[in-house]
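Comments concern the structure below.
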Amino acid sequence: MSRRILVVEDNQLNLKLLRDILVLQGYDVVEAHSGEEGLELAHRRPPDLVLMDLQLPGMDGFEALRHLRSDPLVSPVPVVAVTAFVMKEDRERALSAGFDGYLAKPISVRGLPGQLEAILAAGPHLEC
Ligand code: MN
């Protein structure tokens, strides 16, 4: 069975790029255009991984992560932050907020599959 990745991204071009790469890699892709929509879709059917844009209209990626972690059905699902921020502090902020990984835009078409495989191989998110 294919692994399913939920992509929460409000930018259509970024969403298309991510979808194209992921589908090519054999993943099933579920799309959400806002944090609210992402929470609903994740709860309805927990994915194997979430890619979360940090800058979203309304609820941002940090707030969406907190909601995902408070949902017992979804809390073990690894969540990877995706952001155009390239500052070192932003990466640290994302990881300390509890994201399981961090991808900087522009997304690396070559690097993404390996990055996601590594995160999936690390297994479910565990609170420590
Ligand atoms: Mn965005």
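The values are calculated or read from the model by the stated rules, or taken from the named source; none is laboratory data. Values in this document were obtained by computation on a predicted structure and should not be read as measured data. Backbone-built Cβ (ideal geometry, glycine too); neighbour counts: all protein chains shown.
At a glance:
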{"quantity": "Filtered residues of segment 2-14 (kept if aliphatic (A, V, I, L, M), farther than 15 Å from LEU112 by Cβ and at pLDDT 95 or above)", "calculated": "LEU6, VAL8"}
{"quantity": "Residue within segment 78-86 that is under 16 Å from GLY38 (Cβ atoms), part of a loop (DSSP other than H, G, I, E, B), touching a Pro at 6+ places or on another chain (Cβ under 9 Å) and among the hydrophobic types (A, V, I, L, M, F, W, C) present", "calculated": "no"}
{"quantity": "Listing of strands (runs of 3 or more DSSP E) fully contained in segment 1-75 that carry 1 or more residues being under 24 Å from SER96 (Cα atoms) and more than 13 Å from the ligand (Cβ to nearest atom)", "calculated": "4-8, 49-53"}
{"quantity": "Candidates LEU51, LEU24, LEU41, LEU17, filtered to the one that is out of contact with any helix residue (DSSP H, G or I) (no Cβ under 8 Å at 6 or more places or on another chain), closer than 14 Å to VAL82 by Cβ and either modelled with pLDDT of 95 or more or among the aliphatic types (A, V, I, L, M) (or both)", "calculated": "LEU17"}
{"quantity": "Matching option when the condition is in contact (Cβ under 8 Å) with a residue 60 or more places away in the chain, closer than 23 Å to ASN11 by Cα, buried (at least 17 other Cβ atoms within 10 Å of the Cβ) and under 13 Å from the mean Cα position of the chain (by Cα), among LEU112, LEU39", "calculated": "LEU112"}
{"quantity": "Segment 76-101: number of residues that are at positive phi and within 15 Å of the ligand (Cβ to nearest atom)", "calculated": "0"}
{"quantity": "Filter pass, VAL30 being under 12 Å from the mean Cα position of the chain (by Cα) and either among the charged types (D, E, K, R) or closer than 12 Å to ILE5 by Cβ (or both)", "calculated": "yes"}
{"quantity": "Near pairs, Cβ below 7 angstrom, 6+ apart or cross-chain, from segment 51-69 (under 13 Å from GLU36 (Cβ atoms)) to any residue that is acidic (Asp, Glu) and more than 12 Å from the ligand (Cβ to nearest atom)", "calculated": "GLY58/GLU36; MET59/GLU36"}
{"quantity": "Hey, ARG69 of a type in the set (D, E, K, R) and farther than 17 Å from GLU127 by Cβ or not", "calculated": "no"}
{"quantity": "Condition check for GLY123: at pLDDT below 95 and either assigned to a helix (DSSP H, G or I) or over 27 Å from MET1 (Cβ atoms) (or both)", "calculated": "no"}
